[in-house]
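Data first, discussion second: the structure below is written as structure tokens.
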Amino acid sequence: MKGTYLGEFEELVLLTVALLYDHAYGVALLEEIIERSGRSVSVGALHSALERLETKGFLRSRMGEATAERGGRRKRYFILTPIGEKALRDVRDLRESMWKAIPQTALTGGAS
Amino acid sequence: MSTEPTSKPNPPAWLIALLEHFLSSERQEDVLGDLYELFYRRVATKGERQAKYLFLLDTLLLLVRPNLTRHTSTLSSTSLSTSMLSHYLTMAFRSLCREKAFAFLTILGLATGMAFSLLILLWVQHEWSYDRFHSKADGLYRITAQVSELQTAISPSPMAPTLLGQLPQVENMLRLKPTENLLEVNGEKFEEKGGYYADASFFDLFSFPLLAGHSSTALSRIDGIVLSERLAKKYFGTRQALGKIIHLDNHHSLVVTGVMQVPLNTHLQANYLLPLSFLEKQGHDLHIWGNLEYYSYIRLKENISTREGVTQGITTTMNALFAQNEKQGQAVFGLQSVSDIYLHSDLVGDVPSRGNIAYVRLFSGAALCILIVACINFMNLSTARSAKRAREVGVRKVMGARRSELVGQFLTQSLLVAFLALLLALGMAWILLPFFNTLTDKQLTLRLLEIESLLGLFGIALFTGLLSGSYPALLLSSFQPISVLKGMIQQGRWSLPFRNVLVVAQFTLSIILIVATATVYQQMELLRNKHLGFEKENLVYVPIRGELDKHGEALAAQLASNPLTSQFTFVSELPINSTEGSDAVWEGKSIDEQVIFYSMQVDAHFPETFRVELLTGRGFSAEIRQDTANYLVNEAALRMMGMDAKQAIGKWFDLQYKGKIIGVVKDFHFRPLHQKVEPLVLEFNNATRGKLVLRVQSQATKATLVALEQIMNKLNPDYPFSYGFVDGEIAKNYSGETRMGQITQTFACLAIFISCLGLYGLSAFTAQRRIKEIGIRKVLGASVSELSFLLSKDVIPLVVLAFLLASPIAWYLLHGWLEGYAYRIEISPWSFALAGLLVLVVALLTVSWQSVKAALVNPTKTLRND
């Protein structure tokens, strides 16, 4: 279980990688996450999560082209692996099944 | 970014280098690329500064990510890895627990040493902290003046304001004039000392916190008074005393305009402040250059780079100013840093609170000595036990432990002991602090939560741990595995002599301290009992204040009418620490130089009241009118003038005015016994001023005081009656010596205690090692006393050697100390004999405790296993 566990922030990163599809590299991911979630995310936190996800096998990466605006350094593009996709689906399924199981009376409704 | 930058801004190079060094090589490329990209975007949107700041932040946040940074695999093989360290700690704990008694002795010894060094360090720190808390303290100076041979702390009042007006580098100035007043609050009268008239700039120069009132206005009101927190509480029971009324000297009504907190560590222990303008309004001229009666402070501007040159310039200006404005007097001016006043200043007319740099050095040295003695103990006990751990070392070496690792292990253990001892020492220091405060007359507190004290404590523990652990660590790690594993316990060729050297060093120190204690005590006895040339016992003095000087005749008549108070005299000052003196000229004076004679004003009853012997001539008489211009001199003055007693009578003499010498008094001491009696001239005190001194009968002291109080209350109702004893005042001259005596005594006890603790441990160890030998001897018929002596006698040559070493050192040190006294004891050989004997007895008792125990053991117990 330990290897397949998906943390909340990891889930967010994984989703963003899927979302950006062919353009998922560090800065793009960072900005997308900041824009969508509104939280502040450091480069360290992002790359640390990416590193973990790659080790778990949810992501793989390829090196891209070098540009001047990156101090002559190449980008690393991330792609979702089938295992990663499955992990995301599992999380969603779990959540949906639990949402469905909540009795109507337990929720206040409108405010959601 | 309004202007086009010529070159593109770049991320800081050092941060890039840092990242390149620490980021793991796989992630480096893209992470750095991301950082670059972000940086350039931020430069465009948020500006360069912000971008650089965010870059720094990102870098720091990156470096704490373990999965992105380079693995420190190269470091893990050294001895400092965490697993090795925890192993060392475990071993250290186990070896301590295995021998609890030894562990306790070492820790207790170290802790005692540390506790005392801690207390002394606290005191030293306090002494150094004086007047360093003022804002801009290093630009703060006091003006000093040298008049003939006297260095004084006082200067003329126009000096500081003139400097402020003329020199741009002087930022502000302050003048203070000490005063004593009668303060009346709600009908209750208090005589207060430690008051100062001060310029309104007081709170700008001295950073005394104001608890009530405002620093810029507290002294601007002419009828204002600023009270210390203590006085405000005493008078009004609260710090909120603003606006309350205080009557001054029965004449003036003042309003409290501020309540200040006077820090403990300032030379200026002021009780209250009055505005200088108030003094001026009463007709005090602040423009006289000739009178030196103010403490003047100046503050230099902050941006002055070379203080030396500037102070030199100011000194020159001051001397020029004085010469220009004051034609008659001669004085040379100087500046002293305010933070130096408490410890370094030894000036005439200075404020009362005074420290002594010599004591600070002495006690720092003593603290270090005590700590070293404690460390020696630890070394001794550890090396003595080394045999027990020899096998462990052998096995470790066989298993491949390197020497550096073994050293690390033993140092870890000594550090552990040091830190345990530190904890104990903190507890001890906390308990001892109140006693220590009485001993040093301070109000020190242990402030453990401040970063400096934490660092200091950590430093002490580290120092003791490393120092005391170094020798055992080196010794133990040097064992050859092959021989120790074969069972040959090798002691190391040098370990026994070395251990003995340490014991000798400890006892040397103890003996020195004991001899010092005895000598200081004897010297104090001498000072206390020396006949001063007058009888100091049973003399009561009353300061003349208020209206009393106008009722001089009535006072004299009333005193004379009561037999209890009939023996009295009026003197200008008590013969305790006289400082008054003038330029003397006499008939036939052949030397061309200025000669200063001390002077004192006395009346006709002085010789009989003080019981000072009149050698020739006569004393002053109220009936003879010319006596107001006549003089009495002492023998020292005669010697200086080169006359004998007969010749002197009738010769003219000039000390500010010309008169005749009418009598010679026998030398009596009017200054502390550090100096010989110096030339003294007695002038006729015709008025009622200075101090009234009464000789009382020792059985009737109480009744006399009651009678005196009645008379004083009748004639001087505005002032509360106050009195003092002359011998009490004289004793205050030697409070420094008294304190030093107490402190050396404490140190001596401590040194002996710690040394004995070590010796006890050592003897226990020796007895244990020779337990079989003792068993065999006992079986063969040795008696308990013979065996005890056998085990104890080793210590005798050590003590003798320590005695031989200590004697010359102690003699040299004490001789130097006694040089400071004109009247001193001969250092008696008895104090050496006493110290040596004492140490020998204590050492033998300590050792024999173990020896007797070992000798009493039934040999069947010790020998049954063989």
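The values are calculated or read from the model by the stated rules, or taken from the named source; none is laboratory data. For clarity, every value in this text was computed on a predicted model and none was experimentally measured. A quick note on method: Cβ atoms are made from the backbone with ideal geometry, for glycine too, and the neighbour counts reach across all protein chains shown. Each accessible area value is taken on the protein alone, full model and side chains, heavy atoms only, with ligands, DNA and RNA left out. Shrake-Rupley method; radii C 1.70, N 1.55, O 1.52, S 1.80 Å.
List of remarks:
- Complete set of residues in region A:11-40 that are open to solvent by 20 Å² or more (accessible area, probe 1.4 Å), free of Cβ contacts under 8 Å to residues at least 24 places away in the same chain, more than 10 Å from chain B (Cβ to nearest Cβ) and among the hydrophobic types (A, V, I, L, M, F, W, C): A:L19, A:L20, A:I34
- Selection count where residues are open to solvent by less than 10 Å² (accessible area, probe 1.4 Å) and outside any helix (DSSP H, G or I), scope region B:135-157: 8
- Condition met for B:L422 (of a type outside the set (D, E), crowded, with 20+ Cβ neighbours inside 10 Å and part of a helix (DSSP H, G or I)): yes
- Single condition B:L15 does not satisfy, out of (1) open to solvent by less than 30 Å² (accessible area, probe 1.4 Å); (2) under 21 Å from A:Y25 (Cα atoms); (3) out of contact with any strand residue (DSSP E or B) (no Cβ under 7 Å at 6 or more places or on another chain): (2)
- Residues satisfying the stated conditions in region B:772-783, i.e. open to solvent by 50 Å² or more (accessible area, probe 1.4 Å) and either within 22 Å of B:L371 (Cα to Cα) or within 54 Å of the chain's Cα centre (by Cα) (or both): B:K772, B:E773
- Complete set of residues in region B:163-182 that are open to solvent by less than 40 Å² (accessible area, probe 1.4 Å) and among the hydrophobic types (A, V, I, L, M, F, W, C): B:L163, B:L167, B:V170, B:M173, B:L174, B:L176, B:L182
- Considering only residues in region B:41-79 that are of a type in the set (V, I, T) and modelled with pLDDT of 80 or more, the one that is farthest from B:S24 (Cα to Cα) turns out to be B:T45.
- Qualifying residue in region B:634-656 (condition: closer than 20 Å to B:T569 by Cβ, in contact (Cβ under 8 Å) with a residue 60 or more places away in the chain and surrounded by 15 or more Cβ atoms within 10 Å (Cβ to Cβ)): no
- Any hit, region A:55-77, residues being within 9 Å of chain B (Cβ to nearest Cβ), part of a helix (DSSP H, G or I) and of a type in the set (D, E): yes
- Within region B:337-378, the set of residues being part of a loop (DSSP other than H, G, I, E, B), aliphatic (A, V, I, L, M) and open to solvent by less than 20 Å² (accessible area, probe 1.4 Å) comprises B:V351 only.
- Test for B:L762: is it in a helix (DSSP H, G or I), crowded, with 16+ Cβ neighbours inside 10 Å, in contact (Cβ under 8 Å) with a residue 40 or more places away in the chain and under 38 Å from the mean Cα position of the chain (by Cα): yes
- Screening B:T616 against (1) farther than 30 Å from B:A560 by Cβ; (2) touching a residue at least 40 places away in the same chain (Cβ under 8 Å) leaves a single unmet condition, (1).
- Filter pass, B:F753 being closer than 25 Å to B:G533 by Cα and at pLDDT 85 or above: no
- For region B:695-752, the set of residues classified as of a type in the set (S, T, Y), in a helix (DSSP H, G or I) and more than 20 Å from B:G355 (Cα to Cα) consists of B:S698, B:T701, B:T704, B:T746, listed by residue number.
- Within region B:27-57, being facing chain A (nearest Cβ under 9 Å), open to solvent by 60 Å² or more (accessible area, probe 1.4 Å) and closer than 13 Å to B:N10 by Cα holds for one residue alone: B:R41.
- Pick from region B:845-866, criterion surrounded by fewer than 19 Cβ atoms within 10 Å (Cβ to Cβ) and among the hydrophobic types (A, V, I, L, M, F, W, C), ranking: farthest from B:E786 (Cα to Cα): B:L863
- Lone qualifier among B:A384, B:A390 - being over 30 Å from B:Q166 (Cα atoms) and in contact with a Gly (Cβ under 9 Å, 6 or more places away or on another chain): B:A384
- For region A:1-10, a residue qualifies if it is touching a residue at least 40 places away in the same chain (Cβ under 8 Å), open to solvent by 40 Å² or more (accessible area, probe 1.4 Å) and away from chain B (no Cβ under 14 Å), and the qualifying residues are A:G3, A:T4.
- Taking region B:676-709 as the range and being under 15 Å from B:H551 (Cα atoms) and open to solvent by 40 Å² or more (accessible area, probe 1.4 Å) as the test, the residues that pass are B:N686, B:A687, B:R689, B:K691.
- Qualifying residue in region A:90-106 (condition: within 18 Å of B:D34 (Cα to Cα) and assigned to a helix (DSSP H, G or I)): no
- With respect to the stated conditions, A:A49 is within 13 Å of chain B (Cβ to nearest Cβ) and open to solvent by less than 90 Å² (accessible area, probe 1.4 Å).
- All conditions in (1) within 26 Å of B:L60 (Cβ to Cβ); (2) more than 13 Å from the chain's Cα centre (by Cα); (3) buried (at least 17 other Cβ atoms within 10 Å of the Cβ) hold for A:Y77, with the sole exception of (1).
- Restricting region B:549-580 to residues that are small (G, A, S) and within 24 Å of B:D727 (Cβ to Cβ), the residue that is surrounded by the fewest Cβ atoms within 10 Å (Cβ to Cβ) is B:S566.
- Of all residues in region B:814-833 being buried (at least 16 other Cβ atoms within 10 Å of the Cβ) and among the aliphatic types (A, V, I, L, M), the one that is nearest to B:L513 (Cα to Cα): B:L814
- Boolean, B:T569 is in contact with a Pro (Cβ under 9 Å, 6 or more places away or on another chain) and not in a helix (DSSP H, G or I): yes
- Test: A:L80 is in contact (Cβ under 8 Å) with a residue 40 or more places away in the chain, more than 14 Å from chain B (Cβ to nearest Cβ), of a type outside the set (S, T, Y) and touching a helix residue (DSSP H, G or I) at 6+ places or on another chain (Cβ under 9 Å): yes
- Among residues of region B:520-548 being among the β-branched types (V, I, T) and in a strand (DSSP E or B), the one that is surrounded by the most Cβ atoms within 10 Å (Cβ to Cβ) is B:V542.
- B:A160 being assigned to a strand (DSSP E or B), buried (at least 20 other Cβ atoms within 10 Å of the Cβ) and not β-branched (V, I, T): no
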